[in-house]
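Working notes, beginning with the structure itself.
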Amino acid sequence: MLINGQCGCGKTRFKVDMPHPMQAYHPRRCDCDFCLPRQIQYISDPDGILFLKKGYLAHTLQQGDELAEFITCSYCEEVIAVIYRDSKEQKAAANATLLESKHDFSEPETVSPKLLAADEKIARWHSLWFDLVLE
């Protein structure tokens, strides 16, 4: 199922390809000091794909352990996704609040990645996040 998304100003667009209906997913609401005030909820599926256009992604931020990068719109600075790259692959989770039909998701779940060690975070991302395709 291909779902379109965009930031608040509409200048940065992305899409996710998810193998299951939206109702099968519970967005993850991160309780860290960065995500909580921004009301970000992340969605991902290890069998899905997040497609991002390279040209619009002017800003990246790092938080916490600085293992992942937060991709923001270069105009309105809204967080589009979080990505992790290693020598083998690129993984990502999208900001579910920016997707069309976002109200079709099941209730969000609160997660606390700040409680995990760095290697546990990376293992979690590999097991839960989308493959990332930069267009």
Result of the Cβ filter at 7 Å on the stretch 122-135, keeping first residues that are assigned to a helix (DSSP H, G or I) and partners that are of a type outside the set (A, V, I, L, M) and surrounded by 14 or more Cβ atoms within 10 Å (Cβ to Cβ), at least 6 apart or interchain, is ILE122/TYR84; TRP125/TYR84; TRP125/LYS91; HIS126/LYS91; LEU128/SER44
Q) If we scan the stretch 88-103, do we find a residue that is of a type in the set (A, V, I, L, M), assigned to a strand (DSSP E or B), surrounded by fewer than 19 Cβ atoms within 10 Å (Cβ to Cβ) and out of contact with any Leu (no Cβ under 9 Å at 6 or more places or on another chain)? A) no
Here the residues within the stretch 26-59 that are surrounded by 12 or more Cβ atoms within 10 Å (Cβ to Cβ) and modelled with pLDDT under 70 are TYR56, LEU57, ALA58, HIS59
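Inspect the stretch 83-93 for any residue being free of Cβ contacts under 8 Å to residues at least 60 places away in the same chain, hydrophobic (A, V, I, L, M, F, W, C) and within 13 Å of ILE40 (Cα to Cα) and give the result as yes or no. Break it down stepwise before answering.
Our first condition is that a residue be free of Cβ contacts under 8 Å to residues at least 60 places away in the same chain; within the stretch 83-93, this holds for 83-92.
Checking which are hydrophobic (A, V, I, L, M, F, W, C) leaves us with 83, 92.
Imposing the further condition that a residue be within 13 Å of ILE40 (Cα to Cα) reduces the set to none.
Looking for residues that are free of Cβ contacts under 8 Å to residues at least 60 places away in the same chain, hydrophobic (A, V, I, L, M, F, W, C) and within 13 Å of ILE40 (Cα to Cα), one finds none in the stretch 83-93, hence no.
The values are calculated or read from the model by the stated rules, or taken from the named source; none is laboratory data. Quantities reported herein were computed from a predicted structural model and do not represent experimental measurements. Using ideal geometry, Cβ is built from the backbone for each residue, glycine included, and neighbour counts are taken over all protein chains shown.
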